[in-house]
1. Output the residues belonging to region 52-79 that are surrounded by 10 or more Cβ atoms within 10 Å (Cβ to Cβ) and farther than 23 Å from residue 3 by Cβ.
2. Checking the conditions here, which among 7, 34, 3, 65 is assigned to a helix (DSSP H, G or I) and under 30 Å from residue 81 (Cβ atoms)?
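All of the numbers you see were taken from the coordinates with simple rules; none came from a lab. The model shown is predicted, which means the values in this text are computed figures rather than measured ones. Cβ: placed from backbone, ideal geometry, glycine included. Neighbour counts: every protein chain shown.
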């Protein structure tokens, strides 16, 4: 369940982390307020939302699909058989 939530969150945060890394490589203070003005934060937010939406769509389209029927968990001859795809 956490993987479903963390993927879009990480995709959203990637532009912010990339910008902070860019500032660090330029030897400026990444946490100074002058580097995070309203225009920069707005742009990073839009890019992050776009990346999260595209990422969720791509994960959904290219997710592995199992063909066949699901057999729910059951008990056979006193032995528990977990659910599986057939």
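1. Answer for region 52-79, where residues must be surrounded by 10 or more Cβ atoms within 10 Å (Cβ to Cβ) and farther than 23 Å from residue 3 by Cβ: 71, 74.
2. Criteria check complete, one pass: 3.
To keep it simple, each residue is scored yes or no on (1) assigned to a loop (DSSP other than H, G, I, E, B); (2) loosely packed, with under 12 Cβ neighbours inside 10 Å; (3) touching a helix residue (DSSP H, G or I) at 6+ places or on another chain (Cβ under 9 Å).
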{"site": "21", "(1), (2), (3)": "no, yes, no"}
{"site": "27", "(1), (2), (3)": "yes, yes, no"}
{"site": "40", "(1), (2), (3)": "no, no, yes"}
{"site": "44", "(1), (2), (3)": "no, no, yes"}
